[in-house]
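Reading through the structure tokens given below for one structure.
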Amino acid sequence: MNKTLGFKLGMIAMLMLLLLIPLLLINGLIDERQAMRDGVLRDIAQSTSFDQQLSGPLLVVPYRKYQRRWIEKDGERTQETSTIAGHLYFLPETFDADLGVDTELRARGIYQARLFHTKGRISGRFKLPAHWGIDKDFDDYRFDTPFLVVGISDIRGIESALELSMDDQKVPFEPGTQLDWMRGGVHASLPGLDGLQARAFSYGFDLALQGTGQLHVVPVGRTSSVDMRANWPHPSFVGNYLPNRREIDAQGFSAHWQTSFFATNLEDAIRQCANAGQCTDFSERSFGVSFIDPVDQYLKSERAIKYALLFIALTFAGFFLFEVMKNLSVHPVQYILVGVALAFFYLLLLSLSEHIGFGLAYGLSASACVMLIGFYLSHVLRSLVRGVGFAAGLAALYALLFGLLSAEDYALLMGSLLCFGLLGVFMVLTRRLDWARVGRAA
């Protein structure tokens, strides 16, 4: 070598900084393609239905309360009557849901959206107090026809007509909830309920619902039990309550939730929603499943490119070792060409993964880069054995990177051990090297 050590290391550092430019451009391209994919998914959901949340059933009793008061004007006492309108809400004593979910893919161009189709039975029992629970001034109330309301966040996803079974009576559901704070859903009028006597009755209806993304359930019962089965093997359980039991395998999952009023406190939440218009607590006290792939090809590509600088540094370090140990001279242009080839791996990975999946795209991209760099280095290092050996080491690094991307929970541990091991290899290989002589003329 005819360059000083400091100049050589500075040149390598400058080349690594220059290679950050194409890496940043590729990272921006990943974000752009991911945003384009998300836009297509929103368009598909706009044409079908969005996330679904099942809230209910709730028994609603509209009322008008007459308030009388005496006022004195010009020495005369007169009675003035005012009217207050509102709703009484009753949550079911029990709420049971048995749901089966099938998923399907809808494609638009090269992008795919996963839709789910839910079919199941909602059932339970209401227990109503006499006089609708009003202990005093009952005669001042006038009640309209009670109705049962079921909140469905996107009613476009209802796939079949809904019919309520109330004991032995059949009542069809109608669109709308007739409530200002619950916009999406259906309701069924119950003219047979007068509220004069305490009464208990069972309810049930079959539900066929389509959606995209996530399926949520609000456990409205004093005791709520929800069973869900799906052919989706990568569920992400979301919401305020995790399932009590769950089983996940390659064919799908099954889960069971069990809650009570003590855990949900939905009576206070619905009272605050109805009286103050603050319905966030009621809608957020839910649980459900996300049917979105937790780690897609864009997220994996983004995670992979975070290791790009490490790959380039290790490759340049290998070149440097050949220079100082084999008395070879590697030109900066040769450094930069190999660095650009390493950067192209991420571009190939991104473009191929959109069509053939991440795993196969990773294998093809890594193989192409390893063979290209191995062929090139066999001439640069003036030895086929050296070129093949360097390519084998690079292939091992790509294999380790794939392991890091696959083992999300152990990525930090594996990455730390990898860096420490490579540092150890570098120190062992250079343990007898006289660094004072490195940089002098050969």
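The values are calculated or read from the model by the stated rules, or taken from the named source; none is laboratory data. No experiment lies behind these values; they were computed from the predicted model shown. All Cβ positions, even for glycine, are placed from backbone atoms using ideal geometry, and neighbour counts span all protein chains on display. Keep in mind that these areas ignore ligands, DNA and RNA; they rest on the heavy atoms of the full protein, side chains included. Shrake-Rupley method; radii C 1.70, N 1.55, O 1.52, S 1.80 Å.
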Original post:
Are any of the residues in segment 244-254 small (Gly, Ala, Ser) and touching a Leu at 6+ places or on another chain (Cβ under 9 Å)?
Top reply: no
Original post:
Are there any pairs, at least 6 apart or on different chains, whose C-beta atoms fall under 9 Å, with the first in segment 11-40 and outside any helix (DSSP H, G or I) and the second open to solvent by less than 80 Å² (accessible area, probe 1.4 Å), and if so, which?
Top reply: none
**OP:** Kindly provide the set of residues from segment 356-368 that are under 23 Å from the mean Cα position of the chain (by Cα) and crowded, with 16+ Cβ neighbours inside 10 Å, ordered by number.
**Re:** 358
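Results for (1) within 33 Å of the chain's Cα centre (by Cα); (2) modelled with pLDDT under 80; (3) not assigned by the TED database to the domain that holds residue 354, shown as yes or no for each residue.
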site	(1), (2), (3)
5	no, yes, no
14	no, no, no
24	yes, no, no
30	yes, no, no
42	yes, no, yes
80	no, yes, yes
85	no, no, yes
100	yes, no, yes
Original post:
Restricting attention to segment 408-418, which residues are surrounded by 12 or more Cβ atoms within 10 Å (Cβ to Cβ) and modelled with pLDDT under 75?
Top reply: 408, 410, 411, 414, 415, 418
Subject >> Among residues of segment 251-272, those that are surrounded by fewer than 19 Cβ atoms within 10 Å (Cβ to Cβ) and hydroxyl-bearing (Ser, Thr, Tyr), counted >> reply: 2
**OP:** Just need a number here: residues in segment 87-132 that are open to solvent by less than 40 Å² (accessible area, probe 1.4 Å) and out of contact with any strand residue (DSSP E or B) (no Cβ under 6 Å at 6 or more places or on another chain).
**Re:** 2
Subject >> Count of residues meeting criterion [open to solvent by 80 Å² or more (accessible area, probe 1.4 Å) and part of a strand (DSSP E or B)] in segment 175-207 >> reply: 3
**OP:** Output the qualifying pairs, or none if there are none: Cβ atoms under 8 angstrom, residues six or more apart or on different chains, first residue in segment 230-249 and free of Cβ contacts under 8 Å to residues at least 24 places away in the same chain, second residue among the charged types (D, E, K, R).
**Re:** 233/249
**OP:** Please find, among 147, 205, the residue that is touching a Ser or Thr at 6+ places or on another chain (Cβ under 6 Å) and either of a type outside the set (A, V, I, L, M) or closer than 19 Å to residue 54 by Cβ (or both).
**Re:** 147
Original post:
Limited to segment 152-174, what total is found for residues that are closer than 18 Å to residue 50 by Cα and part of a strand (DSSP E or B)?
Top reply: 2
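Rundown of residues vs (1) hydroxyl-bearing (Ser, Thr, Tyr); (2) at pLDDT 80 or above; (3) in a helix (DSSP H, G or I); (4) surrounded by 15 or more Cβ atoms within 10 Å (Cβ to Cβ), yes/no style:
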{"residue": "301", "(1), (2), (3), (4)": "yes, yes, yes, yes"}
{"residue": "318", "(1), (2), (3), (4)": "no, no, yes, yes"}
{"residue": "330", "(1), (2), (3), (4)": "no, no, no, yes"}
{"residue": "340", "(1), (2), (3), (4)": "no, yes, yes, no"}
{"residue": "347", "(1), (2), (3), (4)": "no, yes, yes, yes"}
{"residue": "354", "(1), (2), (3), (4)": "no, yes, yes, yes"}
Original post:
Out of all the residues in segment 239-247, is one or more modelled with pLDDT of 90 or more, buried (at least 17 other Cβ atoms within 10 Å of the Cβ) and under 21 Å from the mean Cα position of the chain (by Cα)?
Top reply: yes
Original post:
With respect to the numbered conditions (1) open to solvent by 10 Å² or more (accessible area, probe 1.4 Å); (2) in contact with a strand residue (DSSP E or B) (Cβ under 9 Å, 6 or more places away or on another chain), which one is the sole condition not fulfilled by residue 135?
Top reply: (2)
Original post:
In segment 250-264, how many residues are over 19 Å from the mean Cα position of the chain (by Cα) and either within 14 Å of residue 286 (Cα to Cα) or in contact (Cβ under 8 Å) with a residue 12 or more places away in the chain (or both)?
Top reply: 10
**OP:** Hey, could you check segment 170-210 for residues that are more than 22 Å from residue 134 (Cβ to Cβ) and of a type in the set (Lys, Arg) and say which is modelled with the lowest pLDDT?
**Re:** 183
Subject >> Restricting segment 211-228 to residues that are β-branched (Val, Ile, Thr) and either outside any strand (DSSP E or B) or modelled with pLDDT under 90 (or both), the residue that is most open to solvent (accessible area, probe 1.4 Å) >> reply: 212
